[in-house]
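What follows is calculated from the coordinates using simple rules that are stated; it is not laboratory data. Remember, it's a predicted structure, so these values are computed and weren't measured experimentally.
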Amino acid sequence: MDSESKITALCLFCHAPLEAEEDKEFQSGDMIKCNACSELNDYDSVVEVAKEKGTEKVKNEVEAELKKTLGKLFK
């Protein structure tokens, strides 16, 4: 489980990946325009959804690793 994971920020409306100019940085309160559907996404909401997805991904990886490890112990 030493791998690095990447979570893509998705549009809250059409679920397309949100992309910004390389030098553009966002902060709390900013609105991010989706290139696919042109809707404005609240930065804080996008970050919260990404955190939830990241947490779920890590949880699933930990559970899978535990099952694998415990399975070896009880053979």
Could you go through the range 47-54 in sequence order and give the Karplus-derived ³J(HN,Hα) for each residue, using 6.51 cos²θ - 1.76 cosθ + 1.60 with θ = phi - 60°, rounded to whole Hz, and x for Gly and Pro? 5, 4, 5, 5, 5, 4, 5, x
The answer for LEU18, listing residues at least 5 apart or on another chain whose modeled amide H is closer than 5 Å to its amide H, is ALA9, LEU10, CYS11
Mind listing the long-range amide H neighbours of ILE32? Cut-off is under 5 Å, sequence gap 5 or more, other chains count too, H placed in the peptide plane at 1.01 Å from N. ASN41, ASP42, TYR43
Can you give the Kirkwood hydrodynamic radius of the range 9-75 from its Cα pairs, in Å with one decimal? 14.1
Check cross-link reach from LYS72 to the lysines: straight Cα distance under 21 Å, and skip same-chain residues fewer than eight apart. LYS59
